[in-house]
Each structure stands twice: as C-alpha cells, then as structure tokens.
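Chemist: I am attaching a structure below and will ask some questions about it afterwards.
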Amino acid sequence: MSKPQNKKTLKGFTFVETMVVIGIFTMAFVAIIGVLISSNTTWRTGRTQQLLQQEARKAITAITNDLRESTPDLVDINNVSHPITINANGDSITFYLFNYDANEEPALTPVGVMYYLGSQNPNTQTLYRKAGASASVAVATDINNIAVEKPFFWFEPNTNNEVVNIKIPVIVNNATLSITSKVTLRNATPLVAPPAPEEPGEGEY
C-alpha cells in the first residue's frame, strides 16, 4: 500500500507567491515593451534623417545641374550683361541660361533662373526654382526645421564668381546636418548670345 500524501505536498501557491510571479512577468513585459518602443523611436529618427538628407541632396543636384550650364556673366545679343548674383542674405541665387526653342535652337534672349528659400509655415522651408516669367516650382518640399545658419550660397573667394558654394543645412535631433557642394561653372568665360538671323535679301532663299 502506498503511503498517504502529506497535506503540505498537496498545498497550492500562496497568495504571496502568486503576486511575486505576476510581478516578475509584469516587469519582463514592461522591459520588452520598452525595448520595442526604443527600437521604434530609433528607426523613426533614422528614417527622418534619411528623408532630410535626400531632400537636401535633391535640392543641391537641381541647382548644380543648372549652374554648370551658366556663366559668371552672360552677354546677350544687345550687348546687355547678365551676371550671376547672390543676395545679401545668401539665401537666393540668380543666374542666366540660353533659352532653346522646340527645335533646340538657342533663342536670342537668355532666361533668368532663380533658386530661393521660402517659408510655407513657421516650421518648414521650401526651396523654389523660378525660370523666366514662369511660376515658381518647389524643388525640395520636405526640408523641415531648416537651420538658420547662413549663407546657403556664396562665391568661392578669388575665382571671379566662377565657383559657387552651396550649403543646405537641416536640423535632426537638435544637431545640424549640412549637405554641401562646390560647383564650377563650365562656361567660365562670358557667353554671348548667338546673332539674330538675317532676313534673306531679294532673290535669296
């Protein structure tokens, strides 16, 4: 015959033991949630920084592509000078390019191109491009909390305005991140607009 089991052996968890177990599981659960929240915050911060960098690089690429086709001083068919200029605040740059018609022939009048920063709201700066009489077009729209550091555009010293520096600074987690570029104008000598086509004389076609 088997011996009868001791009453103490059959005894379940006490209230205190149950509360201890619940407490341990609660702390473990809270720790796991904390790790997940921290990981999510880190991912969001990294993603935000990546997007800001992309917008800054997109802005610089757009300006660079135009600037490389410009010149420090374009002279049109009427012998009028159109120099490249940067405003006193360093947040706007204007230069001139030859305009081309549908047949890709150069037009007589150069077109002025301006890049400038404008505010959509107190927390957002947007880079715009305006060419000639056409409406301004947003080049980079997600440059949020842009740094107040200036200038954004400035000429490299002692280069006769042939080299332009560009800086697009953004703030990420209270730290300033600047994307910079140095652009050398391909047409270093002043450009002259092509002469006006002559009307054919009598008997000429």
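Chemist: Tell me, what is the per residue accessible area of segment 15-90 in Å², probe radius 1.4 Å? Walk me through the numbers on the way to the answer.
Modeler: Details: 5010 Å² over 76 residues.
Computed with neighbouring chains in place, this is 66 Å² per residue.
Chemist: While we're here: Could you give the nm distance between label points at Asn40 and Asn78, where each point is 7 Å from its Cα heading toward the beta carbon?
Modeler: Between Asn40 and Asn78, the label points sit 6.3 nm apart.
Chemist: Can you run phi through the Karplus equation (6.51, -1.76, 1.60; θ = phi - 60°) for segment 56-63 and list ³J(HN,Hα) in whole Hz, with x for Gly and Pro?
Modeler: Karplus-based 3J(HN,Hα) across segment 56-63 equals 5, 5, 4, 5, 5, 4, 4, 5 Hz.
Chemist: Tell me, in nm to one decimal, what length is gained between Phe29 and Gln53 on full extension, where the rule is 0.36 nm per residue of separation less the Cα-Cα distance? Before the final figure, lay out each step's value.
Modeler: Working: separation 24, 0.36 × 24 = 8.64 nm, distance 3.63 nm.
Extra length from Phe29 to Gln53 when fully extended: 5.0 nm.
Chemist: I would also like to ask the following. Using a 1.4 Å probe and counting only protein heavy atoms, arrange Tyr115, Tyr128 so the residue with the most accessible area comes first. Working shown, then result.
Modeler: On the way: Tyr115 5, Tyr128 45 Å².
Final ranking, largest accessible area leading: Tyr128, Tyr115.
Chemist: To continue, here is another question. Work out from phi, with θ = phi - 60° and the Karplus expression 6.51 cos²θ - 1.76 cosθ + 1.60, the ³J(HN,Hα) of each residue of segment 22-32, listed in order in whole Hz, and give x for Gly and Pro.
Modeler: Listing the rounded values in order: 4, x, 4, 5, 5, 5, 5, 5, 4, 5, 5 Hz.
Chemist: Follow-up. What's the extension gain from Val20 to Val137 if we count 0.36 nm per residue and subtract their Cα-Cα distance? Walk me through the numbers before you get to the answer.
Modeler: Numbers: separation 117, 0.36 × 117 = 42.12 nm, distance 6.42 nm.
So the chain would gain 35.7 nm between Val20 and Val137.
Chemist: Check Phe152: other-chain or 5+ apart residues with amide H under 5 Å from its amide H, H built from backbone geometry?
Modeler: Long-range HN contacts for Phe152: Asp91.
The values are calculated or read from the model by the stated rules, or taken from the named source; none is laboratory data. Note that this is a predicted model, so its numbers are computed, not measured. Quick reminder, even Gly has a Cβ in these numbers, built from the backbone with ideal geometry, and neighbours come from all protein chains shown. Just so you know, the surface numbers come from the protein's heavy atoms only, side chains and all, with ligands and any DNA or RNA stripped out. Shrake-Rupley method; radii C 1.70, N 1.55, O 1.52, S 1.80 Å.
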